[in-house]
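Everything on this sheet refers to the single structure shown next.
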Amino acid sequence: MKNILILIVLFYVYSCSSNKSAEQYWNDAKKFRVEENSMEAISNYKDLIKFYPDNNLAANSQFQIADIYLNDIKDYDYSIDEFKKVIYNYDGHDVAKKSLFMIAYIYNNYLDAYTDAINNYELFLKRYPNDELAPSVKYELEGLEDINNSIKSLIKNK
């Protein structure tokens, strides 16, 4: 009986481990995305994150998952949730900055959630004032200036 239990544990450990490298998961995911097989791409990115959480490609994989939900699946709310995972799990990584920008951009350009867009753009400028995306953020905020003034006026008149 003890031998059977050991075999079951070994089988479980083996089945939960990965035979693929992080790079193989990454390349397979990219291939599936080109083939427009979004769910297989997401599955490979998630496996990369699961089996290689400390690999540099893990942060990029989480960003790619969010990007698939944004551009391929067109589920904007879910893409925001996935971009938030990038910020939460990979705060120091370069894709965290891009994710914060993308969250604001989605709120502004896809969901018409202007207050959320403004708040996230302003947070971006506060955190990354000298980033290469800062001019784009300022441009977006300029485009939202009339809406922001209207929102402030409505709040003031309540």
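The values are calculated or read from the model by the stated rules, or taken from the named source; none is laboratory data. Only a predicted model underlies this, so the values are computations on that prediction, with no experimental measurement involved. Note that we place each Cβ from the backbone using ideal geometry, even for glycine, and neighbour counts take in every protein chain shown. Note: accessible area is taken over every heavy atom of the protein model, side chains too, but ligands, DNA and RNA are not part of it. Shrake-Rupley method; radii C 1.70, N 1.55, O 1.52, S 1.80 Å.
Quick look at the values:
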{"read-out": "28 Å Cα-Cα threshold exceeded, pairs from LYS84/LYS126; LYS74/LYS158; LYS85/LYS158; LYS126/LYS156; LYS84/LYS158; LYS84/LYS138", "value": "LYS74/LYS158; LYS85/LYS158; LYS84/LYS158"}
{"read-out": "Potential lengthening between ILE155 and ASP75 on full extension [0.36 nm per residue; Cα-Cα distance subtracted]", "value": "25.8 nm"}
{"read-out": "Option label - Rg/Rh (Cα atoms, Kirkwood Rh) computed here, alternatives (1) 0.94; (2) 1.04; (3) 1.15", "value": "(3)"}
{"read-out": "Between helix 114-127 and the chain: long-axis angle, C-alpha atoms, 0 to 90°, nearest 10", "value": "80"}
{"read-out": "The chain, relative contact order in percent, only Cα pairs under 8 angstrom and at least six apart counted", "value": "12"}
{"read-out": "Exposure rank, largest accessible area first [ASP72, ASP131, ASP146; 1.4 Å]", "value": "ASP146, ASP72, ASP131"}
{"read-out": "For ARG127, solvent-accessible area (1.4 Å; no DNA, RNA or ligand), Å²", "value": "110"}
{"read-out": "Packing rank of 56-64, 116-124, where each peptide gets the mean count of other beta carbons within 10 Å, highest leading", "value": "56-64, 116-124"}
{"read-out": "Partners for LYS50 among aspartates and glutamates (Cα-Cα distance below 17 Å; same-chain residues under 8 apart left out)", "value": "GLU23, ASP28, GLU40, GLU82"}
{"read-out": "Cα-based helix-to-principal-axis angle, 2-16 vs the chain, degrees rounded to 10", "value": "40"}
{"read-out": "Å² of accessible area per residue within the stretch 73-112, as computed with a 1.4 Å probe and no ligands counted", "value": "50"}
{"read-out": "Apportionment of accessible area to carbon and sulfur, the chain, percent (1.4 Å)", "value": "53"}
